[in-house]
Amino acid sequence: LSCRSGKLTPSQVAKNIIATLEDCDKSTPPLRAIVQWDREQIMLMAEASTARYRNKCTLSHLDGIPVCVKEEFKVVPYHHRVGTVYLGTEPETEDATVAKKLREAGAIIIGVSNMHELGTGTTGCNPNRYHKIPRNPYKPNHFTGGSSSGSAAAVAAGLCPVGIGTDGGGSVRIPASFCGVVGLKGTFGRISCHGSYPLSYSTVSAGPICTSVADAAIVYSILAEPDPLYPYGLKQPKATLSDMCAPDLKGLKLGVDWMFFKACDAEVLTICEKAVEYLKSLGASVVEVSLPEMEEVKIAHVICILSEMRDMLQPDFNKHFQEMNLETRATLALASQFTALDYITANRQRTRSMRFLREIFTTVNCIVTPAVASTAPRIHESDLLTGSNDTSFIVQSMRFMQLANLTGIPGLVVPVGYSTAGLPISLQVMGKWWDEAVLLRIGLKLEQFRNQTKKPSIYYDILA
C-alpha cells in the first residue's frame with residue numbers, strides 16, 4: 001500500500017533488506033535463514049519494480065514484495081545445493097517454474113533459503129559449512145523445523161512476508177508451525193515443482209509460507225497453474241478463491257477424528273481444542289469422523305518417500321556418501337532396506353486411503369487436526385557439530401502430516417497460540433483434492449482466534 005502512495009519504494013525496502021541480511025548473520029547466534037543472496041540481484045529487481053509503481057503499471061499483487069525460495073529450487077544465479085556441500089558447484093542458469101513465475105509477478109527474490117540437507121529431516125538441523133543451523137525467531141536455542149527451515153525462519157523474522165517451500169512429509173507445514181507462520185501445502189501437482197531437485201516424485205507438493213492467510217492466498221493464486229514442464233499438474237481444475245471472504249463458516253462441516261486429534265502434547269491439545277470451538281462459534285459444525293488405518297498410512301508414507309529418495313539419490317549415495325551429514329547417511333541407509341514389494345504394498349495402501357478419504361469428503365468439507373504434536377525442540381551443543389538424529393522426534397513431528405503427503409490432499413497450518421515457554425502452536429486444516437479455497441476460507445477465520453500475536457525475539461522491520 002505504501003508503494004502505491006509512493007511514500008516507500010521497493011528500492012528503499014530492498015536496501016533495508018540488504019542491511020538486515022548483513023546484520024542477521026553477524027548476530028549471535030547467526031539466524032542462517034537466507035544462505036545465498038546477492039546485493040546487485042536484489043537491487044535490480046527492486047529498481048525495476050519501483051519504476052513500475054512510478055508508471056502505475058505493476059505486474060501483480062506481488063510486485064515489489066520480497067520473497068525467498070527454498071534452495072531445493074533452481075534460482076538464477078545461485079547455486080542449486082539442495083542443502084548439501086557437493087551439489088550445485090556452478091551458478092544456476094535456468095529458473096525453476098516457481099522462481100520464473102515470481103519474477104513475472106514482479107516479486108523481489110531476496111535469495112535462497114536454508115533447508116535440511118536433501119530434505120531428509122524435520123528439524124532443519126544442517127551442520128555443514130554452507131548452511132549451518134537456522135534459528136527459530138521465537139527462541140533462538142530451538143529448531144525451526146524442516147525441511148523448508150530457512151523459508152519459515154525468514155518469514156517469521158520479518159525478512160520477507162513470503163517464502164516458498166516444498167512438502168513431502170510436512171516440510172512446509174512443520175517449520176511454518178514451529179515458527180508461528182502460515183504454511184500451505186497445495187494439492188499434489190497444483191504448484192509446479194519443475195526445476196526443484198526431484199527427491200520424491202509422488203509425495204512432494206510445493207507451497208507458500210507467509211505471515212498471513214491472505215498473503216498465502218495471493219501467492220497460491222499466482223503459482224497454482226498447470227505447467228507443461230510438470231506433467232502431474234496438467235489436469236488440474238482452475239484455482240479459485242471462491243467464498244474465501246464469506247462472513248462466517250455457516251454450512252461448513254469440519255471432520256474431526258478425536259482419537260487421532262488427541263495424540264499430541266497437552267499444551268497443544270488445549271489450544272487446538274479451543275480453536276475448534278472458535279470455528280464452531282462462527283457457524284461451522286463438527287462432525288466426528290474415523291480416519292482408518294493411520295498406522296498403515298504412516299508406514300506406507302515412509303516407504304514411498306524414502307524409496308523414491310533413495311532411488312533418486314543413487315548416484316549421490318555412491319559418489320558423495322562421505323560428504324553427507326551423518327543423519328542423511330543413516331536415513332538413506334535405512335531407505336536401502338526397503339524392497340520393491342514394500343513399495344508396491346505401500347502404494348496399495350495409498351489407493352485404499354484415497355478411497356477412504358473420498359468417502360469422508362462426501363460428509364465433511366475438511367479434516368481438522370493439530371499441526372504438529374509438539375512445539376519446536378531445543379538445539380543441543382552437539383547438534384551444531386554433528387547434527388541431530390532423533391528418529392522418535394521425526395516420527396512424532398510427521399504424525400498429522402503424512403496423510404496429506406500420501407494421498408495428495410492439500411493442507412493449511414495456521415498459528416493459534418503459544419506454549420507456556422512461548423513457542424508457537426498451530427492447527428491444521430486438510431481439504432479434498434483441489435479444494436484449497438475452503439482451507440483459505442477457514443484459515444482467514446482461524447487467524448482471528450489468536451487474540452494477540454507475540455513478536456518473535458528475532459524480528460526485523462524491513463519497512464522501518
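The values are calculated or read from the model by the stated rules, or taken from the named source; none is laboratory data. In this text, all values refer to a predicted model and were calculated from it rather than measured experimentally. All Cβ positions, glycine included, derive from the backbone under ideal geometry; neighbour counts span all protein chains shown. Accessible surface is based on the protein model in full, side chains and every heavy atom, while ligands, DNA and RNA are left aside. Shrake-Rupley method; radii C 1.70, N 1.55, O 1.52, S 1.80 Å.
Here are some notes:
- Between Ser242 and Ser336, the contour length at 0.36 nm per residue exceeds the Cα-Cα span by 29.4 nm.
- Cα-based shape type of the stretch 166-220, given that a ≥ b ≥ c are square roots of the gyration tensor eigenvalues and the cut on a/c is 1.5: oblate
- The figure for Asp461 is an accessible area of roughly 90 square angstrom, using a 1.4 Å probe on the protein chains alone.
- When each of the peptides 30-36, 414-420, 108-114 is scored by how many other beta carbons lie within 10 Å of its residues on average, the order from highest to lowest is 108-114, 30-36, 414-420.
- The residues of the stretch 340-398 have, on average, 52 Å² of accessible surface per residue, using a 1.4 Å probe with all protein chains present.
- Each residue was assigned an accessible area with a 1.4 Å probe, and for Lys250 the value is about 140 Å².
- Ranked order, Thr58, Thr331 - accessible area, probe 1.4 Å, largest first: Thr58, Thr331
- Dipole magnitude for the chain: computed about the Cα centre from +1 point charges on Lys and Arg Cβ and -1 point charges on Asp and Glu Cβ, it is near 900 debye.
- Of Gly283, Gln428, Ser353, farthest towards positive along the dipole that unit charges on Lys, Arg, Asp, Glu beta carbons give the chain: Gly283
- Mean Kyte hydropathy of -0.5 or more with a Cα span along the axis of at least 30 Å, helices from DSSP in the chain: none
- Restricting attention to the chain, close to 70% of DSSP beta bridges with both partner residues there are antiparallel.
- If you sort Glu296, Glu308 by accessible surface, 1.4 Å probe, largest first, the order is Glu296, Glu308.
- Exceeding the 27 Å Cα-Cα cut-off - candidates Lys185/Lys319; Lys26/Lys70; Lys185/Lys238; Lys185/Lys274; Lys26/Lys56: Lys185/Lys319; Lys26/Lys56
- Mean Cβ neighbour count within 10 Å, used as a protection proxy, ranking 427-433, 66-72 highest first: 66-72, 427-433
- Averaging Cα coordinates gives a centre for the stretch 280-316 and one for the stretch 358-404; these two points are 10 Å apart.
- Tensor-based shape of the stretch 48-156 (alpha-carbon gyration tensor, a/c under 1.5 rounded, otherwise prolate or oblate): oblate
- Packing-based ranking, highest mean first, of 195-203, 275-283, 121-129 given that Cβ atoms within 10 Å are counted: 121-129, 195-203, 275-283
- Inter-label distance, Leu326 to Asp38: 3.6 nm, where each label sits 7 Å from its Cα along the C-beta direction.
- Label-point gap, in nm, between Ile344 and Tyr459 - each point 7 angstrom along Cα→Cβ: 5.6
- Largest to smallest accessible area among Met324, Met43 [probe 1.4 Å]: Met43, Met324
- Residue-averaged 222 nm ellipticity for the chain, from DSSP H runs of 4+ at -39500 (n - 2.57), nearest 500: -11500 deg cm²/dmol
- Put a dot 7 Å past the Cα of Glu225, heading toward its Cβ, do the same for Thr28, and the two dots end up 4.9 nm apart.
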